[in-house]
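Participant: Quick one: the structure is below, and I'll ask about it shortly.
The values are calculated or read from the model by the stated rules, or taken from the named source; none is laboratory data. Because the structure is predicted, anything quoted here is derived from the model rather than measured. Glycine gets a Cβ as well: all are built from the backbone with ideal geometry, and neighbour counts include every protein chain shown.
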Amino acid sequence: MADENQNVGTDPVNTDPVNTDPEPTPAPEPTLADKVKLALRISHNLLDSEISDVITSARQELLRAGVDSDVASSDIEIVQTAIKTYALEYYAQDAKDAERYSESFKYQCDCLRKSEITVEE
């Protein structure tokens, strides 16, 4: 009878009194380049340098369109969306799609230019 009461109140699932498993590390935040590659449905690294150049060009286009330099150089979600749209235009296989993305990017530039977004440091 003493043996039956010995395990009362213990967790039958976790018999190890000390949890030696480290906390799982959270996955790193995807970079803007990763997000652009996802938007383009690219899963390899062969175009990473070119994609980096496209991101730089998109930021330059934002500046040329009159978007505040702090906003254009930031990674706020609306800027990332505009950059992904620019990349989709750049890599479009169809002229009709390219035109559609181009118009969308122009609209996004105009909205960003007119906005009163401030970027916190």
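Participant: Can Asn45 be described as farther than 30 Å from Ile117 by Cβ, part of a loop (DSSP other than H, G, I, E, B) and at pLDDT 95 or above?
Facilitator: It is true that Asn45 is farther than 30 Å from Ile117 by Cβ, part of a loop (DSSP other than H, G, I, E, B) and at pLDDT 95 or above.
Participant: Which of the residues spanning segment 72-121 are of a type in the set (S, T, N, Q) and closer than 17 Å to Ala33 by Cβ?
Facilitator: Ser73, Ser74, Gln80, Thr81, Thr85
Participant: For segment 31-55, enumerate the residues that are under 16 Å from Ile76 (Cβ atoms) and either touching a Pro at 6+ places or on another chain (Cβ under 6 Å) or of a type outside the set (S, T, N, Q) (or both).
Facilitator: Leu32, Lys35, Val36, Ile55 - these are the residues of segment 31-55 that are under 16 Å from Ile76 (Cβ atoms) and either touching a Pro at 6+ places or on another chain (Cβ under 6 Å) or of a type outside the set (S, T, N, Q) (or both).
Participant: Select from segment 48-73 the residues that are surrounded by fewer than 17 Cβ atoms within 10 Å (Cβ to Cβ) and under 20 Å from Val119 (Cβ atoms) and list them in ascending order.
Facilitator: Answer for segment 48-73, where residues must be surrounded by fewer than 17 Cβ atoms within 10 Å (Cβ to Cβ) and under 20 Å from Val119 (Cβ atoms): Thr56, Gln60, Leu63, Arg64, Ala65, Gly66, Ser69, Asp70, Ser73.
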